[in-house]
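The values are calculated or read from the model by the stated rules, or taken from the named source; none is laboratory data. Only a predicted model underlies this, so the values are computations on that prediction, with no experimental measurement involved. Note that we place each Cβ from the backbone using ideal geometry, even for glycine, and neighbour counts take in every protein chain shown. Protein only, heavy atoms only, side chains kept; ligands, DNA and RNA dropped before computing areas. Shrake-Rupley method; radii C 1.70, N 1.55, O 1.52, S 1.80 Å.
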Amino acid sequence: MDYDLLVIGAGPGGYVAAIRAAQLGMKVGVVEKEAALGGTCLRVGCIPSKALLETTERIYEVKKGLPGARVKGLELDLPGLMAHKDKVVQANTQGIAFLFKKNGIARHQGRARFLSERKVRVEETGEEISARYILVATGSAPLIPPWAEVDHERVVTSTEALSFPEVPSRLVVVGGGVIGLELGVVWHRLGAEVVVLEYLDRILPTMDAELSRAAEKVFKKEGLAIRTGVRVASVRPAGRGARVELEGGEVLEADRVLLAVGRRPYTEGLDLEKAGLATDERGRIPVDEHLRTRIPHIYAIGDVVRGPMLAHKASEEGLAAVEHMAQGLGHVDYQAIPSVVYTHPEVAGVGYTEEELKAKGIPYKVGRFPYSANGRARAMGETEGFVKVLAHAQTDRILGVHGIGARVGDVLAEAALAIFFKASAEDVARAPHAHPSLSEILKEAALGAWEKPIHL
């Protein structure tokens, strides 16, 4: 065999798996079709969008006004903002290349195609590579519905929405999920009129419903036009802009339209059938609890398998898959995987939602604590939001934690650890937390789920 492990795809699942395998003494090769490593997340997803979100948040704060300071003559330097975003992306992708070199990982650039269950061909170079284990980590691509005509200029996906050459006067976002809201917020902060259209009855439909409702109120107050329960009939470029037709005949016109209705597993060109594999009805590769496909030495992780399409979920699966190959052990606690919307305020959750607990018939109790009652939040001028802790009604074990507010994604890191270690609300409530800090909001919410909060 050429390698102990061949990884197909160098996104946050594939590159993490490759590094861990090398650390465990395996000879590792990676096939990646893009010149830059890091996958969608590092190149045209998580990292560039957060660079834009962080900078535009500061621009928005200055525009609103800061306590004790007045700023005059603020000017937007859009080319400078885009250059900053590109610099951040380059630093991250180059960092992965350095880690590959440091860990002795061989990189093959091109598209991988299975020749058999143990052999892969790199299309661009003609190389034929064999491996004892193969890991499929090819990620996902934007979902393009049949009623949408995408020209990647006026009607775009998230990739193009990261690099508009000018601020659109009017941007229509089709889809009220994480991607649509994050990019909609970016361009709204820079001056665009933004309309968000969501087919379901609430935005952020995969998150706790109370959070979704609270987030919608905040975004509307900030100036986004959000319409839920809307069915789009067609989207197409029109002249120098774009046209959105809704069922019922209503027509919306915009400079640009962002399609953000979801993502689909990306397995095109892999020739999975030559390896004895097939996808399910949703295009995913079936795997067992150890991330193995029906062919025991072929594993799959990330967006091409079941579960939420999150970069950190892919990374955890990459670690678990490789450790199972090398040591016979490997596990991911999916209940402890957090989800964060990096708007302002942030929206985040980990574990079960209230709706899931009700559907499962699990008895639970709720503890809530508002940002407005926290000293650090008041000092920051960030009193919008709350954190709630869901704990089992009999055992007090924490089942889920959800919040909306400034930096709540960081606050919920502790909640993810608590769920991972099967902690109770009392455990978190009794643990000392720094004062003044936003982490005290979680402590007080845990106190509320256990007995009663102190500062409310």
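Show me the helices (runs of 4 or more DSSP H) found entirely inside segment 288-390 where at least 2 residues are farther than 26 Å from Glu222 by Cβ and open to solvent by 10 Å² or more (accessible area, probe 1.4 Å). Full working, then the answer.
Numbers: elements: 311-327, 354-360, 375-380.
Correct list: 311-327, 354-360.
Apart from one condition, Met1 fits all of (1) modelled with pLDDT of 95 or more; (2) outside any helix (DSSP H, G or I); (3) open to solvent by 10 Å² or more (accessible area, probe 1.4 Å); the exception is (1). Does Leu81 meet the test of being open to solvent by less than 30 Å² (accessible area, probe 1.4 Å), hydrophobic (A, V, I, L, M, F, W, C) and within 22 Å of Ser315 (Cβ to Cβ)? Answer is no for this residue.
Within segment 401-456, the set of residues being closer than 30 Å to Glu57 by Cβ, among the polar types (S, T, N, Q) and either crowded, with 16+ Cβ neighbours inside 10 Å or modelled with pLDDT under 95 (or both) comprises just one member, Ser439.
Among the residues of segment 187-234, just one is among the acidic types (Asp, Glu), open to solvent by 40 Å² or more (accessible area, probe 1.4 Å) and within 22 Å of Phe369 (Cα to Cα), namely Glu210. Residue pairs whose Cβ atoms lie under 8 Å apart, sitting 6 or more positions apart in sequence or on different chains, and linking a residue in segment 397-426 that is without any contact (Cβ under 8 Å) to a residue 12 or more places away in the chain to a partner that is open to solvent by less than 10 Å² (accessible area, probe 1.4 Å), do not occur here.
Taken as a whole, the structure places Arg397 among residues that are farther than 20 Å from Ser212 by Cα, in contact with a strand residue (DSSP E or B) (Cβ under 8 Å, 6 or more places away or on another chain), surrounded by 15 or more Cβ atoms within 10 Å (Cβ to Cβ) and not hydrophobic (A, V, I, L, M, F, W, C).
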